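The values are calculated or read from the model by the stated rules, or taken from the named source; none is laboratory data. The structure presented is a predicted model; accordingly, all values stated were derived computationally and were not measured. Ideal geometry is used to build each Cβ from the backbone, glycine not excepted, and the neighbour counts take in all protein chains shown. For accessibility, only protein heavy atoms count, side chains too; no ligands or nucleic acids. Shrake-Rupley method; radii C 1.70, N 1.55, O 1.52, S 1.80 Å.
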Amino acid sequence: MIGGMTRALLAVGALLAIAFLILGYVVFSTRTEDRIAADNVLAEKLTRAIQLAEQEEDGEVRLSQVAPFPWDRVLVMAPGTARSAVSAELGSEYKGDLPFGSRGQVFVFARGNEVARIADYRGRGTFTGFERPLDALPRADATLRVRNLVVSPAAG
């Protein structure tokens, strides 16, 4: 009787191991590509730069100084912009994710048709003068003007 019980337990254990292997394979083979999360450090630098520009005489934020990594254009998106609109402007599938509760403008820094980094504005300023739902600014023109907590493109 003990020998039969041992064999039964070994058979159940083997079946469980096979089931877990199959489950692991299914999960691995059906996973989707990872999302690109917002860069919290960049989001804080951007928000701080906009707040500080309010106190500066020229009131300008040069995004090339705030974001010194390689990028050639920035997409400035209104909250709630459809992924399909961003993908169309980007030229590839947009896979960005924002922190829970994010309600501000989103800055997608792009290099070619790929996302370099994403940052969300976390301040109290309002944005005006940008095309809706999103505006693309080339790196050379990516300067923001800040007056009374109203942010607009400087080249416009």
Seminar exercise, completed: In region 76-143 the accessible area split gives carbon plus sulfur, as whole percent at 1.4 Å, a share of 47
Problem set entry | All Cα pairs of region 115-154, percent lying beyond 15 Å | 48
Problem set entry | Whole-Å semi-axes of the ellipsoid equivalent to region 81-152 (Cα gyration tensor, √5λ, descending) | 21, 15, 11
Problem set entry | Translational diffusion coefficient (Stokes-Einstein; Kirkwood radius from C-alpha pairs) of region 51-121 at 37 °C, 0.692 mPa s, in µm²/s | 249
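To the nearest 20 Debye, how big is the dipole of the chain about its Cα centre, given +1 on the beta carbon of each Lys and Arg and -1 on that of each Asp and Glu?
520
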Exercise. So between residue 114 and residue 93, what do we pick up on full extension, going 0.36 nm a residue minus the alpha carbon distance?
Worked result: 6.7 nm
For this session: Any chance you could run the full-extension gain for residue 82 through residue 18? It's 0.36 nm times the residue separation minus the Cα-Cα distance, nm to one decimal.
Result: 18.8 nm
Problem set entry | Calculated over the chain: convex hull of Cα atoms, volume per residue (Å³) | 152
Exercise. Assuming a viscosity of 0.692 mPa s and a temperature of 37 °C, what translational diffusion coefficient in µm² per second does Stokes-Einstein assign to region 12-61, Rh being the Kirkwood radius over Cα pairs?
Worked result: 213
Exercise. For residue 40 and residue 10 in the same chain, what is the full-extension length gain: residue separation times 0.36 nm, less their Cα-Cα distance, in nm?
Worked result: 5.8 nm
